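Q: Below you will find the structure I want to go over with you.
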Amino acid sequence: MLNLKAEIQRLKKEANAVILAHNYQLEEVQEVSDFIGDSFYLSKIAATTKHDVIVFCGVHFMAETAKLLSPEKVVLLPEKDAGCPMADMVTADGLRKLKLEHPGVPVVCYVNSSAEVKSESDICCTSSNAVNIVVSLDSEKVIFVPDEHLGDYIAKKIPDKQLILWKGHCITHAKVKPEEVKKIRQLHPDAELLIHPECSPEVVKLGDFVGSTSDIIRHAEQSDAKSFIIGTEIGVVSTLKASLPNKKFYLMHPGLVCPNMKKTRVQSVYEALRDHKYEINVAEDIALKARNTLQRMLEIG
Ligand code: 13P
Ligand code: SF4
């Protein structure tokens with residue numbers, strides 16, 4: 001029988017490839033990856049890697065972002081249907097219409113968006129730098145697309161700015177109801193509640209800490225607390241259980257499983273390297289503008 005892990009190592013060397021995996025990826029995928037992290041960390045790695053090929057274990061917008069930042073590299077997404085429903089909730093056409101209603105107002109797009117939407121935006125952000133990015137803009141009004149929950153979180157942090165929000169959301173995080181969170185808190189009264197800002201404002205309000213997937217992992221590592229309720233996708237719980245065996249982790253809600261992130265298996269990573277699939281490309285006219293939007297974000301950090 002084929003030893004997939006050994007084959008992946010061999011093919012990786014042969015192609016001078018690097019494997020990046022998001023924090024939500026299955027353990028078997030993280031095990032064969034070179035870098036694991038949140039969207040911001042992985043985009044920085046993609047922008048600076050010296051490898052010829054990037055295998056991106058995540059969803060489509062992440063691989064597309066890697067291609068925009070490293071246009072001379074081959075970028076492969078192992079599962080071609082691994083998309084992000086939130087990213088699909090805003091189109092470039094829709095954004096152009098909104099911009100016409102608010103002339104001159106700068107646009108911040110969440111990295112969970114298509115290259116075309118990025119090309120219509122002024123600057124990008126991720127969940128780890130969203131507040132800083134909006135603060136950096138010299139404008140009282142700011143258009144924010146597509147996540148209205150992250151937008152609401154930013155708006156509350158910076159009350160002197162007026163955010164015009166697109167009505168998109170993550171179908172995985174948005175399904176959690178505040179009553180359900182209150183119930184799990186009662187079951188684990190000593191646990192710290194760590195929440196991703198893609199959850200609804202009513203849920204985010206209940207959290208002890210709000211941050212990106214890697215911020216949540218870092219917080220759990222550094223906190224003196226012994227138990228935690230994790231308010232983001234189940235992949236973060238698996239990582240924390242494995243790396244911090246002396247602490248307890250509970251998933252905030254059983255529905256916190258992103259089906260798109262779970263499409264990639266170790267077999268898909270092997271086939272991606274073996275067959276050079278699925279290659280991500282972006283039309284050059286869109287790529288030029290979208291790249292600027294991402295680079296402006298990286299300059300701010
Ligand atoms: P992070 O940037 O926090 O890893 O989030 C990406 C994402 O899609 C969360 O649902
Ligand atoms: Fe998209 Fe939500 Fe999945 Fe993140 S968890 S990739 S926002 S669908």
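Q: By the scheme Lys and Arg +1, Asp and Glu -1, what is the net charge of all other residues having a beta-carbon under 10 Å from that of His22?
A: Working: positive: none; negative: Asp38, Glu233.
For residues surrounding His22, the net value is -2.
Q: Also, I was wondering about something else. For the pairs Lys262/Lys289; Lys141/Lys167; Lys161/Lys263, flag any whose C-alpha to C-alpha distance is greater than 27 Å.
A: Violating the 27 Å limit, Cα to Cα: Lys262/Lys289; Lys161/Lys263.
Q: Please say if the stretch 212-253 is rounded, prolate or oblate, where rounded means a/c under 1.5 for a ≥ b ≥ c the square roots of the C-alpha gyration tensor eigenvalues, and otherwise the choice is prolate for a/b larger than b/c and oblate otherwise?
A: Values: a/c = 1.41, a/b = 1.22, b/c = 1.16.
Cα axes put the stretch 212-253 in the rounded bin.
Q: Between Gln267 and Asp224, what is the FRET efficiency for a Förster distance of 51 Å, r being their Cβ-Cβ separation, to the nearest 0.05? Don't skip to the answer; put the middle values down first.
A: Values: r = 41 Å, r/R0 = 0.80.
Taking R0 as 51 Å, the efficiency between Gln267 and Asp224 is 0.80.
Q: Turning to a different aspect of this structure: With springs connecting C-alpha atoms under 10 Å apart, model the chain as a Gaussian network and identify which of Lys241, Lys73, Lys289 has the largest mean-square fluctuation.
A: Highest fluctuation of the listed residues: Lys241.
Q: Further question on the same structure: Which GluC sites (Glu not before Pro) in the stretch 138-247 sit in a loop by DSSP (not H, G, I, E or B) and have at most 13 other Cβ atoms within 10 Å of their own Cβ?
A: Working: sites: Glu140, Glu148, Glu179, Glu180, Glu192, Glu198, Glu202, Glu221, Glu233; in loops: Glu140, Glu198, Glu233.
Here the GluC sites (Glu not before Pro) that fit, given the DSSP loop and packing criteria, are Glu140.
Q: Which sequence of Leu187, Leu95 reflects their accessible areas, 1.4 Å probe, from the largest down? Display every interim value, and only then the final one.
A: Values: Leu187 130, Leu95 0 Å².
Largest accessible area first, the residues go Leu187, Leu95.
Q: Shifting gears a bit: Cross-link partners among aspartates and glutamates for Lys99, C-alpha distance below 13 Å, same-chain residues fewer than 8 apart left out?
A: Glu120, Asp122
Q: Based solely on its DSSP helices, what 222 nm [θ] is calculated for the chain when runs of n ≥ 4 H residues each add -39,500 (n - 2.57) and the sum is averaged over all residues, nearest 500 deg cm²/dmol?
A: Values: 14 runs with 129 residues, N = 301.
My calculation for the chain gives -12000 deg cm²/dmol from helical runs alone.
Q: If you build a Gaussian network model of the chain, linking Cα atoms that sit under 10 Å apart, which residue out of Gln30, Gln186, Gln162 swings the most?
A: Gln186
Q: Could you work out what % of the accessible surface of the chain is carbon and sulfur, using a 1.4 angstrom probe and leaving DNA, RNA and ligands out of the count? Working shown, then result.
A: Numbers: 6820 of 13280 Å².
Within the chain, the accessible surface is 51 percent carbon and sulfur.
Q: May I ask which residue of Pro159, Val105, Cys125 lies farthest towards the positive end of the charge dipole of the stretch 75-186, with charges of +1 (Lys, Arg) and -1 (Asp, Glu) on Cβ and the Cα centre as origin?
A: Highest projection toward the positive end goes to Pro159.
Q: A follow-up question, please. With springs only between Cα atoms under 10 Å, which of Gly104, Gly231, Gly211 fluctuates most in a Gaussian network model of the chain?
A: Evaluated over the chain, the most mobile residue of the options is Gly104.
Q: Taking only protein heavy atoms and a 1.4 Å probe, what accessible area per residue, in Å², does the stretch 163-211 have with all protein chains in place?
A: Values: 2450 Å² over 49 residues.
Result: 50 Å² per residue.
Q: To continue, here is another question. Output wanted: per-residue J couplings in Hz (rounded whole) for the stretch 157-173, from phi through Karplus 6.51 cos²θ - 1.76 cosθ + 1.60, θ = phi - 60°, x for Gly and Pro.
A: 6, 10, x, 7, 9, 10, 9, 9, 9, 6, 8, x, 6, 8, 5, 7, 6
Q: Let me ask something else. Can you give the % of DSSP beta bridges in the chain that are antiparallel, to the nearest 5?
A: Values: 1 of 33 bridges.
Bridges in the chain that DSSP calls antiparallel: roughly 5 percent.
The values are calculated or read from the model by the stated rules, or taken from the named source; none is laboratory data. The structure displayed is predicted, hence computed values, not measured ones. Heads up, the Cβs are rebuilt from the backbone with ideal geometry, glycines too, and the neighbour counts pull from every protein chain shown. Keep in mind that these areas ignore ligands, DNA and RNA; they rest on the heavy atoms of the full protein, side chains included. Shrake-Rupley method; radii C 1.70, N 1.55, O 1.52, S 1.80 Å.
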